[in-house]
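Each value in this text was obtained by applying a stated rule to the coordinates, not by laboratory testing. Values in this document were obtained by computation on a predicted structure and should not be read as measured data. As a convention, Cβ positions derive from the backbone with ideal geometry for all residues, glycine included, and neighbour counts pool all protein chains shown.
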């Protein structure tokens with residue numbers, strides 16, 4: 001029966017007791033403070049997701065209990081995760097803006113009139129995707145931000161209007177279509193990198209945990225050759241270290257987003273700002289560095305991200 005496998009709802013007091021049974025310690029942050037944290041700052045389900053980065057005793061009287069895991073460690077990494085998510089969203093917005101700018105510049109440099117390419121893209125979509133796109137646009141006819149654009153151009157959209165009324169995922173799809181249309185290999189490579197960026201951007205936008213599963217071997221596909229070549233230029237990162245860290249799906253996606261931002265965002269002002277903001281995110285990761293001195297997965301990941309940020313986004 002379903003009720004036999006459903007986990008019961010726990011009160012905050014019961015949540016703390018359950019963590020203690022699992023071996024979680026309250027030496028740095030006491031139980032009273034931990035309860036207050038769970039009431040005001042984070043929920044139990046989300047906070048405990050970071051336990052994946054910690055090992056359990058394999059046998060003995062403490063079998064299946066976590067090894068030297070303090071409640072404060074979970075709180076600390078959750079804060080770093082939050083800062084990272086906010087930064088990812090901010091940089092994804094930069095990327096989206098400059099992808100649109102790049103598309104418009106490509107049209108300006110071609111014989112395209114800006115209308116036919118949009119029509120051809122819509123016509124190229126399978127019927128179900130085409131209907132979905134037209135439905136997305138139709139639903140926004142009364143939107144106070146883009147409704148005027150839709151009503152002005154419907155049903156014949158020029159590219160400069162089209163990119164302003166479609167979501168990021170659709171912009172990427174259109175970007176891929178344009179890459180093929182112009183037979184642009186660099187754009188085509190960027191298209192696949194943007195698909196990776198979309199995954200981490202969506203996770204961050206939905207407030208999904210990112211730093212809660214940092215073990216190697218979770219990536220579903222190889223890292224882009226362009227990204228790998230750029231990483232290989234960082235002398236402080238050995239090939240083995242790079243391969244291990246980039247085999248984690250989450251880190252692969254974060255680093256790919258950093259690479260795309262580095263290569264597609266041309267504004268010096270934006271770049272300078274992101275260098276400063278990324279430095280703050282990295283500094284927060286190392287604020288309680290002593291917490292992770294015995295956790296090679298977290299410590300190694302933080303060191304890896306710091307090396308990438310310091311080399312790709314140095315503060316002048």
Query raised in the report: Which numbered condition trips up residue 52, out of (1) under 27 Å from residue 203 (Cα atoms); (2) surrounded by 18 or more Cβ atoms within 10 Å (Cβ to Cβ); (3) touching a residue at least 40 places away in the same chain (Cβ under 8 Å)?
Result: (2)
Query raised in the report: Quick one: which of 297, 270 is under 21 Å from residue 54 (Cα atoms) and touching a residue at least 40 places away in the same chain (Cβ under 8 Å)?
Result: 297
**Report entry** Hits in region 20-45 - residues which are surrounded by 15 or more Cβ atoms within 10 Å (Cβ to Cβ) and in contact with a helix residue (DSSP H, G or I) (Cβ under 8 Å, 6 or more places away or on another chain)
**Finding:** 24, 25, 26, 28, 29, 34, 35, 37, 38, 42, 44
Requested in this report: Could you list, in sequence order, all residues of region 273-294 that are touching a residue at least 24 places away in the same chain (Cβ under 8 Å) and assigned to a loop (DSSP other than H, G, I, E, B)?
Outcome: 287, 288, 294
Report task. May I ask you to list the residues in region 138-165 that are in a loop (DSSP other than H, G, I, E, B) and either out of contact with any helix residue (DSSP H, G or I) (no Cβ under 9 Å at 6 or more places or on another chain) or surrounded by fewer than 20 Cβ atoms within 10 Å (Cβ to Cβ) (or both)? Result -> 140, 141, 142, 143, 144, 145, 146, 154, 155, 156, 158
